[in-house]
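A short worksheet on the structure shown next.
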Amino acid sequence: EDQVTQSPEALRLQEGESSSLNCSYTVSGLRGLFWYRQDPGKGPEFLFTLYSAGEEKEKERLKATLTKKESFLHITAPKPEDSATYLCAVLNSGTYKYIFGTGTRLKVLA
Amino acid sequence: DTGVSQDPRHKITKRGQNVTFRCDPISEHNRLYWYRQTLGQGPEFLTYFQNEAQLEKSRLLSDRFSAERPKGSFSTLEIQRTEQGDSAMYLCASSLLGQGNYEQYFGPGTRLTVT
């Protein structure tokens with residue numbers, strides 16, 4: 001069964017303190033792995049798609065990487081406005097269903 | 001703004017009533033997904049459409065849930081005889097299948113409270 005596990009569940013960082021979020025996955029056929037940011041009471045906002053092991057994508061202070069079993073979202077020198085829940089999802093190439101993890105709640109303190 | 005829109009944004013209903021939500025996807029997108037999200041959880045797949053065809057429905061969904069996408073444009077999700085356990089955020093997302101990218105874009109959601 002397809003599964004996505006994110007860790008940690010919650011993370012508190014001081015402003016400027018870099019860290020990484022983990023997304024481990026099992027899927028029968030990976031079409032893509034996706035990262036989203038979700039603010040309270042809002043829909044998820046698309047950040048990155050990764051399609052194959054070794055691929056990396058960057059956007060401002062965020063960098064996503066992918067291996068055959070997991071993905072990392074690296075946050076460099078975070079700011080308070082980076083506080084949000086970060087969701088990871090995989091797309092099964094056979095069913096075209098997106099399977100989401102439960103997210104990592106990030107709080108960046110000024 | 002040409003993003004995904006959902007209506008209403010909030011709905012409070014009494015147990016046993018029927019509710020219907022609407023989703024307008026990004027205009028050129030041919031795939032439309034419905035999800036349910038509860039506090040502290042990720043979005044849970046409910047169903048999806050390619051154009052007007054409903055391709056899959058979660059086996060977790062009871063027969064009280066039904067979705068339509070007439071003419072392959074907007075979609076509606078109806079919940080009949082609502083129960084307190086139906087209280088959640090209902091999210092709609094759309095994507096364009098066929099050009100090698102599978103990015104999915106979400107609407108703002110409809111928050112349902114069943115009293």
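Among the residues of region A:16-39, those identified as within 14 Å of chain B (Cβ to nearest Cβ) and more than 12 Å from the chain's Cα centre (by Cα) are A:Val27, A:Gly29, A:Leu30, A:Arg31, A:Gly32, A:Asp39. When every residue of region B:75-86 is checked against the conditions, none turns out to be within 14 Å of another protein chain (Cβ to nearest Cβ), out of contact with any helix residue (DSSP H, G or I) (no Cβ under 8 Å at 6 or more places or on another chain), surrounded by 14 or more Cβ atoms within 10 Å (Cβ to Cβ) and in a strand (DSSP E or B).
So which residues in region B:1-22 are touching a Pro at 6+ places or on another chain (Cβ under 8 Å) and facing another protein chain (nearest Cβ under 10 Å), if there are any at all? Result: B:Val4, B:Gln6, B:Arg9. Scanning region B:19-39 for residues that are in contact with a Ser or Thr (Cβ under 7 Å, 6 or more places away or on another chain) and surrounded by fewer than 12 Cβ atoms within 10 Å (Cβ to Cβ) yields a single hit, B:Ser27.
The numbered conditions (1) over 26 Å from A:Gly94 (Cα atoms); (2) away from chain B (no Cβ under 13 Å); (3) of a type outside the set (Phe, Trp, Tyr) are all true for A:Lys42 except (2).
If you go through region B:23-73 and pick out every residue that is within 12 Å of chain A (Cβ to nearest Cβ), in contact (Cβ under 8 Å) with a residue 24 or more places away in the chain and in a loop (DSSP other than H, G, I, E, B), you end up with 4. Exactly one residue out of B:Thr113, B:Thr76 is among the polar types (S, T, N, Q) and more than 19 Å from B:Tyr33 (Cβ to Cβ), and it is B:Thr113. Yes or no: region A:38-52 includes at least one residue that is closer than 30 Å to B:Pro8 by Cβ, touching a residue at least 40 places away in the same chain (Cβ under 8 Å) and not in a loop (DSSP other than H, G, I, E, B). Yes, region A:38-52 contains a residue that is closer than 30 Å to B:Pro8 by Cβ, touching a residue at least 40 places away in the same chain (Cβ under 8 Å) and not in a loop (DSSP other than H, G, I, E, B). Residues that are of a type in the set (Phe, Trp, Tyr) and either within 13 Å of the chain's Cα centre (by Cα) or not in a strand (DSSP E or B) (or both) were ranked within region A:88-110; the one that is farthest from the other protein chains (Cβ to nearest Cβ) is A:Tyr96.
The numbers here are math on the coordinates, done by the rules we state, and not lab data. Only a predicted model underlies this, so the values are computations on that prediction, with no experimental measurement involved. Heads up, the Cβs are rebuilt from the backbone with ideal geometry, glycines too, and the neighbour counts pull from every protein chain shown.
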